[in-house]
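Asks: What follows is a structure written as structure tokens; I'll ask about it next.
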Amino acid sequence: TTCPCKIKTPGTYKVANNLTSAGNCIKIAAPKVLLDLQGFTLTGSGAGTGINILSTTSSGSAVRNVAILDGTVTGFDNGVVADAPGVAIAHFTSAHNSNNGVVFGGPGNLLYSADINLNGKNGVVVQAARLQHSFVWELYT
């Protein structure tokens, strides 16, 4: 696996090693995606987004039901930007990003057992209009 990477097909994806990126690293543009970082780290150079979950596919269909598990995102502008609804992030660390750790732009999201700390501006941003049915549990800052 290398950065940049764009996931365009539903399925399970596993990162096999630590990844570095000078810009955006992983972009998800498909529904029903499980991204298992398997304990590995995505490291940026201060720009771009570690994991960007788009709200629509290239054909205009909705992206939803995406899960990100078991890893770390560090050194990007934003760690994770999730514009899609129904995103679950668990057993995850987002730290030392220059702007935000995690940004939720869609409704119905879950952040569980996460360590979101030492980010430049905000740890977790849930856009006010999208707060409906979003949950944060076991957040360590």
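Asks: Check cross-link reach from LYS32 to the lysines: straight Cα distance under 28 Å, and skip same-chain residues fewer than eight apart.
Replies: LYS6, LYS8, LYS14
Asks: A further question on this structure: With labels modelled as points extended 7 Å from the Cα through the Cβ direction, what inter-label distance (nm, one decimal) is found for GLN38 paired with HIS91?
Replies: With each label point 7 Å from Cα toward Cβ, the separation is 1.4 nm.
Asks: Using the Karplus curve 6.51 cos²θ - 1.76 cosθ + 1.60 with θ = phi - 60°, what ³J(HN,Hα) values do you get for each residue of segment 61-76, in whole Hz, with x for Gly and Pro?
Replies: Per-residue couplings from phi come out as 6, 6, 9, 7, 6, 10, 10, 10, 10, 6, x, 10, 10, 8, x, 9 Hz.
Asks: Right, another one. Just to confirm a number: summing +1 for Lys and Arg and -1 for Asp and Glu over residues other than VAL73 whose beta-carbon lies under 15 angstrom from that of VAL73, what do you get? Mind dumping the intermediate values first?
Replies: Details: positive: LYS27; negative: ASP36, ASP70, ASP77, ASP115.
Residues near VAL73 contribute -3 overall.
Asks: Using modelled amide H (1.01 Å from N, peptide plane; none on Pro or chain starts), what sits under 5 Å from the amide H of SER94, excluding residues fewer than 5 places away?
Replies: Here VAL73, ASP115, ILE116, ASN117 satisfy the definition.
Asks: Let me ask another. Which order, highest average first, do 77-87, 41-51 follow once you tally other Cβ atoms within 10 Å for each residue and take the mean per peptide? The partial results should precede the final answer.
Replies: Details: 77-87: 24.5, 41-51: 20.9.
Highest mean packing first, the order is 77-87, 41-51.
Asks: Based on the mean of other Cβ atoms within 10 Å per residue, sort peptides 93-102, 106-115, 6-15 so the most packed one is first.
Replies: Details: 93-102: 22.6, 106-115: 19.6, 6-15: 13.8.
Put in order of decreasing packing, that is 93-102, 106-115, 6-15.
Asks: I've got another one for you. Can you pull the one-decimal nm distance between simple spin-label points at THR20 and SER58, each 7 Å off the Cα toward Cβ?
Replies: 2.9 nm
Asks: Sticking with this one: Send over a whole-number figure in Å² for the accessible area per residue of segment 1-127, probe 1.4 Å.
Replies: With the other protein chains kept in place, segment 1-127 gives 41 Å² per residue.
Asks: Right, here's the next one. How big is the accessible area of ILE26 in square angstrom, nearest 10, if you roll a 1.4 angstrom probe over the protein chains?
Replies: Accessible area of ILE26: about 10 Å².
Asks: Go through [x] 53, 34, 22; [y] 33, 32, 23; [z] 56, 34, 29 and flag the label whose value is the computed Cα extents along the principal axes in Å for this structure.
Replies: Comparing each candidate, only [y] matches the computed number.
Asks: Write down the Å³ per residue value for the convex hull defined by the alpha carbon atoms of segment 30-105. Walk me through the numbers on the way to the answer.
Replies: Working: hull volume 5.7 nm³, N = 76.
Convex hull of Cα atoms, per residue: 76 Å³.
The values are calculated or read from the model by the stated rules, or taken from the named source; none is laboratory data. Values in this document were obtained by computation on a predicted structure and should not be read as measured data. As a convention, Cβ positions derive from the backbone with ideal geometry for all residues, glycine included, and neighbour counts pool all protein chains shown. Keep in mind that these areas ignore ligands, DNA and RNA; they rest on the heavy atoms of the full protein, side chains included. Shrake-Rupley method; radii C 1.70, N 1.55, O 1.52, S 1.80 Å.
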